[in-house]
Amino acid sequence: MVAIQKLTLTELKLFFRDLQSMIWTFIFPFVMIYFLGFLFGSSEVDDVNYKTLLIPNMIALSLLSTALFTLGTRIVSYKESQLLRTYQTTPLHSIRMILSFCVFGVIISLFSIIISFTSGYIIYHVQAPMYLLATIGALALSMAALFSFGILVTGISSTMQGAAGISVLALNLQTFLSGGVIPYQILPIPLKIIAKALPLHYVNDLLTFTWTGQSVNPIWIDVLILFLMAIFFIMLSIRFFKWS
């Protein structure tokens, strides 16, 4: 536990010295909220104002961005610089490594969530979630699924350039096909089928429900699928974790 705490604290210090990571985590959600609200703010989806739907969807997007760019690419950069080989000589195990990065991701995500909600409240007067406790549970489950997904897919690459390319592709694909930025209800049938295979779709839907009471899937399906995805991604992340 002490090793995890020290490693997490070290990562936090390094994060706040990295301008690029801070832009993706803190500035990106604010810009997206303002830009999309400006374009589609007068629209309604199933009698719910688009601006209200925008906040939980941007929180989901910021979680994915944190998973890919703050966690996944950071681990790959440590592999490329051989820093993980140094950690390998310590009592750290891959499970502890991944856990410490996930704790770090949770802390960073809390900052991002606060920024997203505050931005929506100040700019568009968006109200707090309808089901606060359910929102907290949904966020925990969403983090487990998305963080493990981000670590897994970026871990395919052994270089920062490759990990960055994978991250951009995964982020853009899920941003526009998961039903967050473009409401799922208006997607054509082929894209709806693709959306069903993306973890961000279920995160969007679950957070939208706890925030507004609206959803496109039965909530138990969102919870079950995210739970199974989290277990699957975590197991694969641990199984295929490489030090170099």
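The values are calculated or read from the model by the stated rules, or taken from the named source; none is laboratory data. Because the structure is a prediction, the values reported are computed rather than measured. Counting neighbours? That spans all protein chains shown, and the Cβs are built from the backbone with ideal geometry, glycine included.
Given the structure, is I156 of a type in the set (A, V, I, L, M, F, W, C), over 14 Å from the mean Cα position of the chain (by Cα) and more than 22 Å from T73 (Cα to Cα)?
Values: of a type in the set (A, V, I, L, M, F, W, C): yes; over 14 Å from the mean Cα position of the chain (by Cα): yes; more than 22 Å from T73 (Cα to Cα): no.
It is false that I156 is of a type in the set (A, V, I, L, M, F, W, C), over 14 Å from the mean Cα position of the chain (by Cα) and more than 22 Å from T73 (Cα to Cα).
In the range 191-203, what count of residues is obtained for those that are buried (at least 17 other Cβ atoms within 10 Å of the Cβ) and either over 20 Å from M130 (Cβ atoms) or at pLDDT below 90 (or both)?
5
Picking from L132, L187, L173, which residue would you name as being among the aliphatic types (A, V, I, L, M), over 18 Å from the mean Cα position of the chain (by Cα), under 21 Å from L53 (Cα atoms) and surrounded by fewer than 16 Cβ atoms within 10 Å (Cβ to Cβ)?
One residue alone meets the criteria, L132.
Suppose we filter the range 204-213 for residues that are crowded, with 17+ Cβ neighbours inside 10 Å and modelled with pLDDT under 85; how many remain?
1
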